[in-house]
Amino acid sequence: MADVIREDRTVSPVAQTGVVLAGSLMIVLGVFQALQGLVALIDDDMFVVLPNYTFSLDITGWGWIHLVVGIAIAVTGVFLLSRSAIAGGVAIGLAAISAVANFLFIPFYPLWSMLVVALAVFVIWAIARSGIFDT
């Protein structure tokens, strides 16, 4: 059998603290996204519904999507603070789902949706660069 050569790679302290920030951001953003979904379920008139939107889904449907994704993101953020590689993989997947969901939600709540998309991209970068997947 061939010998496996393993390089020890140094992870910058900025990237290591980035995963803590990413976990904290996921908790906060998950709670806010869940609250956004709850508002959409309770009060449909809070959001402006545009006519002729390609991805027209009832506000109640968007509310359920944001509520479920928000709760999952917040719970994953808690597990991410333990620096688990499994939580890192799930967090990257959920951040990508959150970014897509909020991108599709831009016509209803534009500034907040764009902010969440930007923060989701940062979360993905911070987790991928943190060295959490190195074993």
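With LEU115, LEU104, LEU57, LEU50 as the choices, which residue is in contact with a Pro (Cβ under 8 Å, 6 or more places away or on another chain) and more than 15 Å from ILE27 (Cα to Cα)?
Just one listed residue meets the conditions, LEU50.
Assess whether VAL28 counts as being within 23 Å of the chain's Cα centre (by Cα), under 25 Å from ALA95 (Cα atoms), modelled with pLDDT under 70 and among the β-branched types (Val, Ile, Thr). I'd like the intermediate steps shown before the answer.
Numbers: within 23 Å of the chain's Cα centre (by Cα): yes; under 25 Å from ALA95 (Cα atoms): yes; modelled with pLDDT under 70: no; among the β-branched types (Val, Ile, Thr): yes.
Here the answer is no, as VAL28 does not meet what is asked.
Yes or no: the range 106-115 includes at least one residue that is surrounded by 16 or more Cβ atoms within 10 Å (Cβ to Cβ) and over 25 Å from MET46 (Cβ atoms).
Looking through the range 106-115, none of the residues is surrounded by 16 or more Cβ atoms within 10 Å (Cβ to Cβ) and over 25 Å from MET46 (Cβ atoms).
The values are calculated or read from the model by the stated rules, or taken from the named source; none is laboratory data. Predicted model, so just to flag it, every value in this text is computed and none were measured. A quick note on method: Cβ atoms are made from the backbone with ideal geometry, for glycine too, and the neighbour counts reach across all protein chains shown.
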